[in-house]
Structures are given as structure tokens and as C-alpha cells.
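Read through the structure below, which is laid out as C-alpha cells, and then see the notes.
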Amino acid sequence: MQEFDFFRPDSLGELVKILDETGGQVVAGGTDVIPRMRRNLFSASILVDASNVTELGFIEEKDDQIVIGAMTTHQEIADSALIRSANPALAAAAASVGCHQTRHRGTLGGNLANASPAADTVPALLAFDAQIWLLRKDGGRSMPLGEFLVGPGKTKLVPGELIHSVTFSQLSGSWGTAYQKLGKRNGMAISVVGVAAAVVLDPAGVVRDARVALGSVAPTVVRSAGAEKMLIGREASPRAVQDAADAVIADISPISDVRSTAEYRRHAARILTRRVLLQAIEQAQGRLA
Amino acid sequence: MSESITLGKSEVRKDAWEKVTGAAEYVADIKLDDVLYGAVARSSVHHGRILSIDATAAQASPGVVRVLTAADIPGEHCFGGLVPDQPALAGDLVRHYGEPLAIVIATSKAAARKAAGLVKADVEPIAPLLDPVTALGTDVSKLHEVGNLISRYEIKEGDIEEGFAEADVILEETFSVPLVSPAYLETENSLACWNADGTLTVWVSSQHPFTDQLEIAATLGMPPEKVQVKSAVIGGAFGGKEDASLAILTALAAWAVKGTVRLVNTRQESFWAHPKRHPVQFQFKLGAKKDGTFMALKAVAHMDTGAFASLGPAVGVIVTETLGGSYRIPNVDLETYVAYTNAPLAGAVRGFGSPQSHFAIESMVDMLAAKLGLDPIEVRRKNILCEGDKMFTGVVVNNTANSLPVSLDRAQEACRKFAAIPPLPGKVAGVGMALVMQSMGLGAKVPDDSTQRLEWKPDGSLLVHLGAPDMGQGLAMAAEQIAAEAMELPYELVNTVGLDTSSSPNGNVSCASRMTYMVGNTMVEAAQKLKAQMLEQAARLLNRPQESLSYSNGHVVTAEGEKIAVKEVISRAADDGIILQSESTFSFPYPEATTPQHLPIGMPHVLFCFGAQAARVEVDPELGTVVVTHLTAIHDVGRVISKVGVEGQIEGGAAMGLGYALYESMDLKEDGRWVDSFTEYLIPTSKDVPTYHENIILEIPEESGPFGAKGIGEVTVPPTAPAIANAIYNAIGVRVKSLPITPEKLVKV
Amino acid sequence: MNSIQVSFEVNGRPVTVDSLPNRTLLDVLREDLGLTGVKDACGGEGECGACTVIMDGKSVNSCMVFIGQVEGCAIETIEGLAKDGELHPLQRAFAETGAVQCGYCTPGAIMAAKALLQENPHPSDEEIREGLSGNLCRCTGYVKMIEAVRCAAEEMSHV
């Protein structure tokens, strides 16, 4: 294990101050940082532990916005009644991370900072046009989550900056959302392909809005504009859904690795997209009343 | 049959209590003073010529006491289960990624590991050979003095050309199975202590402490009597701990610093450098009549034993013997090649060649049935070995083969039951089965004795001096139950002493599905001797003729029916300095009259475990994902000793077989490194094993076994993968001939 | 690298350790506190659950917690389960159902099960499987482990 100096601030203010002064790296739940440090895929000479900064562990509703603090754990997100009703895809995604032990420690902020293209929480957040809020000593800034995630393991975070929270707007009207993930085994499954979708229907059952986000099929989690275009303005029919599913291919660039092949990932992406859209549409149609 | 005392019951194993409280001491848990830590510097190339190993930076690193290389080894440089071709520390050649180059001994684990990373090996890379067929080609590097072929087996019976000529249909197929890790949870580790009197005490997590003793002694140039090996609690072995590497390295380290050293492998090192299940490439040609009768089998198997032989030649024997499965095939031409490559070494892993062959032959039988338009179960029924049949090895199967038709019937019933279950929406269901015939024992002409002692304590309890380690499977419990039964005493009164080479008898290696059988037989004989000793002592003390006394359930009974508790006799004998203890040695029987003598050493095996497994799968036809929903396992154990013990072996073995079928493969990645972590090497979790698991345990007594008992340790692994493969074919009509059966292989992309 | 001092509670007793910060809770439990019930089976990657402890009421892999992160927390290990010489129902159930073979995964599995039953005293078989899915076992095939948790849950719900 690498050698580092360790700080454990008691408050958000102190966390920001220490990061600014030391240029250190944040460790949250440790479920990515620790294995990656062991393999020298992540380096830190100063680690700043955020796990005592309780101000960052929250799930709140502010008007039509849901706000999730960076130190909220996957288990807390999976168990949250608010998330289950406002973004069931996100709740399902968080529940699918690893196992209980991982979910009790792993945090949303950590998942985002780690920026794995396989990160389970990201598709459901991108499908809701989530914004990420960053904080450093000089102040805060926000940007769309999609902009924040630049590449595998790469984000827009600058030295001294931390993730504060993530927000997304609740959907209204006849909306539905779903998330499906394909792993290599049923337990402790790392995503081979993961797809989240959200649709909003108008009273006539025509798709007013559609978001399709795919994980593990590109350097970052991506939205498929092509799939979304195939749906918006059309009746939510199986034909439209198939067209949308077929259209994701142009928007993804999967690789072959130890888990799977590029060809299979393309194949699975198309199928999961279709299934997730059908599930989301069914949910939305249930709200048409 | 009268009610047994303990046989067939589910007793609680005596070591369960320390295991559920965290008190059980595995090697890494043993608390000693002044322990130094070892870490092994390992090769990061697959193959190369070692020009130099520079330990200066490592030696200068904080906390480092000593760095050892091959030059520091006083005795034998190489060891090996069958062939001494494995250097304890690499000499002039690196033969696999992760091969040990040097040992660093330091005052802390962190210091040792850090320094191990500072050992600089100057290695001139040589292009690695990573495929057994290529390795046996012309114009390739020689990996060992003997070349790249370590063993070749050939069995020809009947007339193969005529057999194929008489066949109505001939099927030719190839199969391949990958490099697989036993993946026990406790990695290899050892703790060695140099004693002031010049002796060495070594704690091991090993299937063969007595072999470790000899290997350590040879490496250090010491007499074996000066090396004491003690068996710690073992966290799983499955064959992979029939390897003295860590014991030797730790002993070497302790000897070098004249102190106490503990060496614990990381999971990564376990993947790189310890015995795996052999990858095999098979070519099968099976000829049959249109009614399904097998006429001829020609098969060639290429086995990759990796950098060192380990138990490869012996695994090759069993691969060869199981190429024909449980069937009567009049004309065979079988060839097996065991080749060295630069892959991690392959050796003994549960099943020992049989899981590989069974995947091939049991898939082949279903494929043949499909070609003939026949029911695969009926095809099997037509061809299964019966009592009195002679196998192609010349061995005549005994009456326990009668469990084959019973297994087939139970499997058929299970398949019918499973087939009636409708699949979940969007899924396609299928059922499949496979038979299994797993040999017991080390094979003919391999000396195979196991000795145990049974001691009767003054309080009337029994102490089993078990000479072979319980690796977690419950051998001690089985020994205790058999001893209790034979001695007519309650199970609670029997305990087992920990294995220590300086005081335990030599029970031989815990392996080959023969421990219950061999140890059990020694318990039965030792019990008879003890009871005789009891009567002898009682006669002496009571001043009665021995013939007038009898023994029953912990009492000596006089002619008048008077009962004397054995405690009394033992205590009074102890006063006279007499200890009641008996020793028994059982030799695995290969009766000359019935054991063919013309085959190479280790061939043939003469005693078998039979069974079958039936599986139901649900396949997502679009994604190719497979869920095994139901599994029924049918296994004949001769006589159940421990009910939970047998069930545990079946449930665990089937899970291992399921992992083999669907998830497990030690691939070489694009970065040139092997898959070497549980992140990438996936073994089944609790969510991956079937939600329905049924055990059907048959008991056709094996005459030569203790109370009729046979083995169960390995037979539960081979049928699972072919049963699943057959079920997948039944579901979606896709036949996959290589393991693991991944979704990528099941869908057309 | 500067040493840090960490104060926390283990099995109800307060503990203070001085440690280099790059060590994990697993390291400290085993090496500093002699509590060797927790095991390292996967190289500290959080892939096997053999190091599972309960931290502030939740099951966690102790190999994935830096010791400094344990400040002020309450840790329960397998050694703390038995009370006054009486085994916990989970310990008895694991032993009596035959869910223990080599035993290496056992302490971690029992702690994971305990945490599960604390949150969900009446789990379905599916929930038990999910609850144990972070604990790898190579010996048992999980059948008897699931049965043990079911039995213990049953017994504990009658108390």
C-alpha cells in the first residue's frame, strides 16, 4: 500500500480548507480508492477522509429538485423512499452495486469521482439531466454531469476541489424510468452493459421527452441522442422503441476487454435499450390517467 | 439392519465451534513471538534467461533482515510431486509469470513487500509458449531438459478401424477447457521456526505434511527427523495444496535467519504460482450404431501442464481413463499428451482430469443422441457399464456399477420434473443431465498406504491420531464417526489429535477421493485391535479367561452378564504402565489377479464412484445469459458416514462445477498478464447457485470399504458442466464445446 | 508518513491505537488487536467478504476501510458475538446445519448475516442470498449457509 499522510476533517468547511492547503485527495467510502491504490492505479501522498463530514450525507427535496449529498451511500440511495419514487432507476442502480458491504460504504460522490464508464449510478443520473455541484475554497460551480465526466477515471475536478452534491429535476406528468444492468454473474456483478431510460408521454401517448443513457459502452457513460431523436414526437410504439434501440449503436464505442467483446456489448446495448424503454413506457402509460 | 450409533447421521463436526467463534488457527493466525515476515520477489515475464538478480536495493531497504536467492539454497534446488523439476527459487531460467526469484525477510509485512518490489532481475526475454499443441511442435524452445513433452499415454483396445466401419454414424468434434483456479479462500502460507536445538518446526496449510517434511529436509540438506511439520487449520485445498512451495520457501527463510518467519501468499500470487486445473484440448471421434450402441472411440487430448509437471503426469492418467466416461466401448484408440508451456503450473485440482474429460464425453453423448434422433438418456442406458463389464483399461467393474442405471433413472425423473416447469416470461428453459464415473486412489503400482492410530484414554474416550490432514472436507469427523461406530461408543466420546509429523502416524496425502475409505478402514481395523486389547487387559485384571469376556458399547461383559466400564480397565492398566492404543495401516487394494499389469505406472484405477446430475437452466435467448434454476445430484457413496458431510461435498462440488461451466477462466489479458484477482476471476456467489438443489444419495455398499463406504470428494464436480451444457442445448439449440459457456458464445452478434 | 492515533470501540470495549494511516481496519484488528477471526482472502479488494465486520451497525469489508476512518466508530467482530460463554444463534446454526467446512469464510459470513438480520429480521430466501452475496465460499455451495441463516432468523424472531 502506498504511503500517505491522513487527515479527517469534522466539517465541510474544514474539508475544503484542508484540500486547498494540502492539495490532497479525498477518500470517501474507500471502495474504489483502496483497491486502486493497492494496484497503483490511483496515487495520493495526502488523503483527506470525508467520511466524518455529515453535512455531505443527505437526500433532500427542494421544490422540484432532488439533491443528493456526495457522501450519501449507495445503500442509503437504494433505501430512500424519495429516490424510489422520484427516480426509481437510480434506486435500482444503487441497489445493484456490488453487495451490502460495498453499498454500506460506497458513496455517490466516490462513484462519480472514480469516473468508471461502468459506474452504476451514472446512467440514471444522466437520464435525468443531473447537475453536479463542486466546491472549493474559492467558491462553488456546477455543470451537467455529462460534462463533468471526461474519460475513464478522468473528471473536471481541479486540485483542492470536491464534489458537493448532485441535483436533478423531478419529472412530472406521465413519466416512467427504468434501469437494467448486465453482469457476468448474478452476485457482485460489475456492469458489462448498463442502460437507463426515462420517458415522458403527452396525454395522447406520444413521446414528449426521452432520455437514454448507456454505461460500459464508451469511455464515459453516454446519452444516445440518436435513440432519443427516434422517440421524441412519435407514438410510444414497439416500432419506435426498436428504432431507438437500433440507433444507440451509432452513439456508443464499446471495447473488448476481460469482461466482454465490443461486438457483444453492441448487441446487448441494443437489447437492453429496447427492454428498458419498454419498461419506462409502461410505467409512463400507467401514469396516463 | 440394526440402528447405527452414528453412521448416516448428521453430527456436528468438532472443529465447527472454533470456526464459528473465530478461534480456529489457520497459519496466518498462529501467534508466536519475534515473527519475521517473508515476501517473494517474482518474475514479471513469462519466459526468459536470468542474467542476474540484484538484491542490493532490497537488502538496503528499511526493515530488511536478509534476501535469499537460489544461490543460498544448501540442498536440493528443485522439488516436485512426481518429477523434481520445480525450482524453489528460479536459477537460470524463468518459466512462468510470477515464478519465485528471491525471498525477502523483514521485520514487517509492509517492509518485506516493499523490498520484494526492489529486487532487480535482469531477464533476457524468450518468446513464451502458451499452448500445448504449439509447445509440442518442432523448432520451439525447450522448456525442460526432457523437452516439452512430459507424458504420453496411449490405450488401444479392439480394432478401431473395424469399429468405425461397423458404425452407422460417426461424430467428430473438438472440445476445450480452460485454466481454472481451485480458488480456496485461504491462500498458500506457512510459518517456520528455527529451534535452538537445530531443529525446524513448520506449520503448513497442506494436503501432505509428511511430503513437506521430506521436501524441506532435502532443500535444507537436513535429516527429515530434524524437521517437524504441523498441520494448521486448513482453509480449503481442493488439490491445489499438494505443492510444497510455500513450506519450502518459509523453511528456507527461517533456516537462513535462524529465526521465525511467516510467508503468506497474496491472492494474486496464488493465481500466478500455485497448481491449477489443466487446460485440455480434445479431439473426439465417436462411432455408433443407429440404435445408439457405441462401437468405437478415438480421442486425442492435449493437456497444458504449464511451467512445471506438478501432478500433471498423474492427471494425464485420469484424463485418459475417463475419455470414455461411464460407457462400454469395444474399440478404442486413446492418446493423451501432457505438455510443458509457460503458463502457470497445472496440477492436482478436484477431479484430477475427470472434469475435463467428462465435459467432452458427456457433451459428445448428447450430440450423438441428437444426431441419431434418440433420447440422450436412453443412449446412455444402452451403453453404461454393468457389473462384470471390462473397461478399456482391462479393469472389471464391480457391483457398485449398479448405481449407474439407478442414477440414470433418478436423473431422468428429475429431468421430467424440471421440463414441466414453465420458464419466466422472455426466457427459454431447458434440461440436461450427465453421468459421472470418478476413480478413487492413486492408481496401480503407486505405493499407497495410510496409517492411523487409535488411543483409548483413561476416561473412556477415544483419540484418533489422524495421519492425513482434514482440509475442511470433514475427514476428522468421518474418522471419528467410523471409530465410534466400530467401537460402539457415542460420537461425542471420540476426538482427533492435530497432525504433527513428529508424533502422528503417516496417513499419506489427503487426496484422490480415498480418505474416508482408507482412514475409515484403518479405524475399523484399529478398533478391532483395541477391543481385543481391552479384553486382554480385562482378562488379566479380572483374572478370567479372555474367551469368557466380551465387549459391548463401552463395557466389558463377563459370562455372568456383569458389566465393567472400560474406564476402569484402562485406568488400572495405566497404573501398570500399559496404554491401550492400536495402529493400523491400510493399503489401497490392487489385487494382482484382477488388476491389469501392462499399463504405465498409476494406471489403472480400479475403484470408482458413480453418479449423475440433472440441471434445469433458463436462458435469455437474446442476451445469452444463463441461470441454473434447479440441480438434482445423484451420488452413490456406498454407505453414508456423515449425512451433512456428504451433502456438503455434493453442494460444494456442484457449485464448483457450475463455476467451471459458466464463469471461470484464467485468461491471458491484453496487457500480457494473467487474470489474477477475484474481480476478474469469478466464482459463484450465493446468488449464482441454483435456488433448488436436491441431493439423492445412493448406498450400494462397497465391499472393501469401511461399513461399505466409498469416496465423494471429487465425483461431484465432473457432471455439472456437461449437464448444464446439455441443458443449454436443450433450451436454445446451441452447442458450446468450450468452457466457460459465456453469453458471447450463445448469441449471434 | 506520520502515524495517527485512532480511538474506537471493538466489541463494546474502547480501544486506542497508534498506526501508520495506510493500514486498514483489517490490518489493525488482526495485527494490533489479535482479533484474527477476520481474514484476508482476496488481497484487500473487497471481493470476498472474508473480512466482514459490523461498523456502526452496518456490514462492511474491513479491508476497505483505512484505520483513520474508524475514529469514533463501534466495530463488532466475530469474537464479540458470543455473550457470557453462550454462542449467538447464528453461530450455533452455522455449526449445527453443517454450514461450516473449511471455515475460512465463516466469520465474515456470520457477521454479514447478523447485520442482515438486524435490518431485516424476517428475510426471504432471496433476501438471504442477497445478504450473503458479498461472501464468497468455495466449500459449501451456500446451501447450508442459507439454511443456517433461515434457522437463526426463525429462532431469533421467537425471542
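What follows is calculated from the coordinates using simple rules that are stated; it is not laboratory data. Keep in mind the model is a prediction, meaning the values are calculated, not measured. So basically every Cβ, Gly included, is an ideal-geometry build from the backbone, and we count neighbours across all protein chains shown.
Determine the shape class of region A:157-289: with a ≥ b ≥ c the square roots of the Cα gyration tensor eigenvalues, call it rounded for a/c under 1.5, and otherwise prolate if a/b is greater than b/c, oblate otherwise. Oblate shape, in that a/c is at least 1.5 and b/c is the bigger or equal ratio.
Here chain B carries DSSP beta bridges of which approximately 75% are antiparallel, counting only pairs with both residues inside. Its residue count N sets the reference 2.2 N^0.38 Å, and the alpha-carbon radius of gyration of chain B equals 0.99 times that reference.
Would you be so kind as to identify which of B:86, B:40, B:598 lies farthest towards the positive end of the dipole of chain B, taking Lys and Arg as +1 and Asp and Glu as -1 on Cβ and the Cα centre as origin? Projecting each Cα onto the dipole axis, the largest value belongs to B:40.
The charge dipole of region B:512-667, taken about the Cα centre with unit charges on the Cβ atoms of Lys, Arg (+1) and Asp, Glu (-1), comes to about 660 debye, rounded to the nearest 20. FRET efficiency for the pair residue B:396 and residue A:253, taken as 1/(1 + (r/R0)^6) with r the Cβ-Cβ distance and R0 = 56 Å, rounds to 0.35.
Averaged over the residues of peptide C:87-99, the number of Cβ atoms from other protein chains lying within 10 Å of each residue's Cβ is 5. Taking the centroid of alpha carbons for each part, region A:165-181 and region A:50-67 are 17 Å apart. Principal-axis analysis of the Cα atoms of chain A puts helix A:262-287 at an angle of about 70° to the longest axis.
Helices that extend 27 Å or more along their long axis by alpha-carbon positions and average at least -1.0 on the Kyte-Doolittle scale are, among the DSSP H runs of chain B, B:515-542, B:643-662.
When the charge dipole of chain A is built from unit charges on Cβ atoms (+1 for Lys and Arg, -1 for Asp and Glu) and taken about the Cα centre, the candidate among A:82, A:135, A:278 whose Cα reaches farthest toward its positive end is A:278.
Anisotropy class assigned to region A:81-175 is oblate, per the alpha carbon gyration tensor with a/c at or over the 1.5 cut-off and a/b no larger than b/c. Among beta bridges from DSSP that stay inside region B:133-273, the antiparallel ones total about 65%. Could you tell me the distance between the Cα centroids of region B:300-373 and region B:622-682, to the nearest Å? The distance from the Cα centre of region B:300-373 to that of region B:622-682 comes to 18 Å. Between rounded, prolate and oblate, where does region B:175-332 land on the alpha carbon gyration tensor, with a ≥ b ≥ c its root eigenvalues, rounded for a/c under 1.5, else prolate if a/b exceeds b/c? The shape class here is prolate.
Relative to the longest principal axis of the Cα atoms of chain A, the long axis of helix A:238-247 lies at roughly 50 degrees. Checking the Cα-Cα distances for A:154/C:114; B:276/B:748; B:241/B:669 against a 29 Å cut-off, the pairs over it are A:154/C:114; B:276/B:748. A simple charge model with +1 on the Cβ of Lys and Arg, -1 on the Cβ of Asp and Glu and nothing else charged puts the dipole of region A:174-284 at about 360 debye relative to its Cα centre. Taking every DSSP beta bridge that has both residues in the protein assembly as shown, what percent is antiparallel when rounded to the nearest 5? Bridges in the protein assembly as shown that DSSP calls antiparallel: roughly 80 percent. Let me check against my output: what whole-number percent is the relative contact order of region B:449-587, with C-alpha pairs under 8 Å and at least 6 apart? That works out to 35 percent. Packing, as the average of other Cβ atoms within 10 Å across residues, places the peptides B:42-54, B:290-302, B:565-577, B:87-99 in the order B:87-99, B:290-302, B:42-54, B:565-577, highest first. Extension gain for residue C:33 to residue C:16 (0.36 nm times residue separation, less C-alpha to C-alpha distance): 5.1 nm. To the nearest ten degrees, helix C:106-119 and the longest principal axis of the Cα atoms of chain C are 80 degrees apart. Kindly flag which residue pairs out of B:14/B:643; A:184/B:745; B:9/B:457; B:9/B:531; B:390/B:643; B:31/B:258 have an alpha-carbon separation exceeding 22 Å in this structure. Beyond 22 Å: B:9/B:457; B:9/B:531; B:390/B:643.
Counting Cβ atoms of other protein chains within 10 Å of each Cβ in B:690-697 and taking the mean gives 1. Among A:178-186, B:241-249, sorting by the average number of other beta carbon atoms lying within 10 angstrom of each residue, highest first, gives B:241-249, A:178-186. Over the residues of the protein assembly as shown, the helix contribution to mean residue ellipticity at 222 nm works out to -8500 deg cm²/dmol, using -39500 (n - 2.57) for each DSSP H run of at least 4. Taking every residue in C:6-14 and counting other chain Cβ atoms within 10 Å of its Cβ, the average works out to 0.
Report the calculated FRET efficiency for residue A:156 and residue A:246 (r = Cβ-Cβ distance, R0 = 22 Å), to the nearest 0.05. Step by step, r from the Cβ atoms, then E = 0.10.
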